[in-house]
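Novice: Please read through the structure below; I'll follow up with questions.
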Amino acid sequence: MRPVALTIAGSDPSGGAGVQADLKTFHQFGVYGEAVLTLVTVQNTCRVDSVECLNPELVLAQLQAVIEDIPPDAAKTGALGNEALVKAIANAAAEFRFPLVVDPVLVSKHGAALVSGNAVSALAEHLLPRAFLVTPNLHEAVLLTGMGVNDVESMRRAARKLCGMGARAALVKGGHLEGDAVDVLCFEGRIREFSAPRIVTRHTHGTGCTYSAAITAALSRGEPLESAVEVAKRYVSAAIATSPGLGRGSGPLNHHSAIPEVPWKRR
């Protein structure tokens, strides 16, 4: 049977991030994609004008509908919007029988807030312990851990702390550091680093969404975590390097990029 991956995230009408990017990534990985919508944005490659969260009951109804009929092999969260939505998804995730990748999307590429109120603390307290993997960038790692994260060594400490906060694994992404793009994974007490040459471009809209979606897709295919991260890292690097150059601002990636070959063993 074809693997199934689920995204629980917000909508980006320009197609570069959110559920649109996730579904494109799932499809490219040969995985059947499902989507539960949490919020609607008005945005393009230049700006975000507004964010409207859906009612938690409606979000949970979507989630129940897809899980009872086509249960996923892996799932991810993206922008969850507010404290009520974070807690609702966290409560539902307690019953998940598949790995959950938590992408703690807090701000858009343009700096617009995608969460409000006490959502960050709710995410740390309620959703993080449900995560098989959490994938914060540097700014998100700072907000979740309360510690400074500004180099590879502090990324290692932050990844370990996130695991201590309940996540089974943590991938701290160093895309905002200078030099090569280095990400730090903590899993089962081990630290591993994934590095790729930095690509100078303004077209990076949806990078985090695409990265976490690629990991989720690989997990749904039965790939072990380290191989899933490696193939996702290579895929995102290629997608950035071959961006179609759309939009007047931070444009989307090339979701049609080929999936790189990475040796792995099925679970």
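The values are calculated or read from the model by the stated rules, or taken from the named source; none is laboratory data. None of the values given here were measured: they were computed from a predicted structure. So basically every Cβ, Gly included, is an ideal-geometry build from the backbone, and we count neighbours across all protein chains shown. For the accessible areas, the whole protein counts, side chains as well, though only heavy atoms, and no ligand, DNA or RNA atoms are used. Shrake-Rupley method; radii C 1.70, N 1.55, O 1.52, S 1.80 Å.
Novice: Set Lys and Arg Cβ to +1 and Asp and Glu Cβ to -1, take the dipole of the chain about its Cα centre, and tell me which of L100, A238, T77 lies farthest positive.
Specialist: Result: A238, furthest along the dipole toward the positive end.
Novice: Here's a follow-up. Which residues does a label at D180 reach in the range 125-161, if reach means a backbone N under 14 Å from a point 7 Å past the Cα toward the Cβ?
Specialist: In the range 125-161, the label zone of D180 (backbone N under 14 Å from the point 7 Å along Cα→Cβ) covers 152.
Novice: Relative contact order, percent, of the range 1-131 when contacts are C-alpha pairs under 8 Å separated by at least 6 residues?
Specialist: 24 percent
Novice: Looking at the range 184-267, which GluC sites (Glu not before Pro) are in a loop (DSSP not H, G, I, E or B) and have at most 10 other Cβ atoms within 10 Å?
Specialist: Sparse-neighbourhood loop GluC sites (Glu not before Pro): E188, E261.
Novice: On a C-alpha basis, how far is the centre of the range 81-95 from the centre of the range 121-167 in Å? Whole number, if you could?
Specialist: Taking the Cα centre of the range 121-167 as reference, the centre of the range 81-95 is 18 Å away.
Novice: To continue, here is another question. Just round it to a whole percent: the fraction of Cα-Cα distances in the chain exceeding 23 Å.
Specialist: 46 percent
Novice: Something else now. Exactly which GluC sites (Glu not before Pro) in the range 63-95 are in a DSSP loop and have at most 12 other Cβ atoms within 10 Å? Before the final figure, lay out the partial values.
Specialist: Working: sites: E68, E83, E95; in loops: E95.
Taking the range 63-95 and a limit of 12 other Cβ atoms within 10 Å, the loop GluC sites (Glu not before Pro) found are E95.
Novice: Suppose only helical runs count, i.e. DSSP H with n ≥ 4. What mean residue ellipticity at 222 nm does that imply for the chain under -39500 (n - 2.57) per run, divided by all residues and rounded to the nearest 500 deg cm²/dmol?
Specialist: The helix contribution divided over the chain gives -10500 deg cm²/dmol.
Novice: In the range 159-243, what percent of the accessible surface is made up of carbon and sulfur (1.4 Å probe, ligands and nucleic acids excluded)?
Specialist: It is 52 percent, rounded to a whole number.
Novice: If you don't mind, there's one more thing I want to ask. Looking at the chain, how many pairs of lysines come closer than 16 Å at the Cα, when each pair is eight or more places apart or spans two chains?
Specialist: The result is 5.
Novice: Then there is this: Using a Gaussian network model of the chain whose springs link C-alpha atoms within less than 10 Å, name the residue from S116, S237, S227 with the highest mean-square fluctuation.
Specialist: Judging by the Gaussian network model, the answer is S116.
Novice: Would you calculate the separation in nanometres between label points at V142 and D69, each defined as 7 Å from the Cα along the Cα-to-beta-carbon direction?
Specialist: With each label point 7 Å from Cα toward Cβ, the separation is 4.4 nm.
Novice: So what are the three principal axis dimensions of the range 51-169 from its Cα atoms, in whole Å, longest to shortest?
Specialist: The Cα atoms of the range 51-169 stretch 44, 30, 21 Å along their principal axes.
Novice: Using the alpha-carbon centroid of each, what span in Å lies between the range 193-242 and the range 6-38?
Specialist: Between the Cα centres of the range 193-242 and the range 6-38 lies a distance of 15 Å.
Novice: What does the accessible area per residue of the chain come to in Å², with a 1.4 Å probe and no ligands, DNA or RNA counted?
Specialist: Per residue, the chain has an accessible area of 43 Å².
Novice: Compute the relative contact order of the chain as a whole-number percentage, counting only Cα pairs closer than 8 Å that sit 6 or more residues apart in sequence.
Specialist: 19 percent
Novice: Can you sort L63, L37 by solvent-accessible area, 1.4 Å probe, largest first?
Specialist: L37, L63
Novice: Among the chymotrypsin sites (Phe, Trp or Tyr not before Pro) within the range 147-232, which fall in a DSSP loop and have no more than 15 other Cβ atoms within 10 Å of their own Cβ? List each step's numbers first, then the result.
Specialist: Numbers: sites: F187, F194, Y211; in loops: none.
Sites meeting the loop and neighbour criteria: none at all.
Novice: Under the 0.36 nm per residue contour assumption, what length would be gained going from the current alpha-carbon distance of R248 and R198 to full extension?
Specialist: Stretched out fully, the R248 to R198 stretch lengthens by 15.8 nm.
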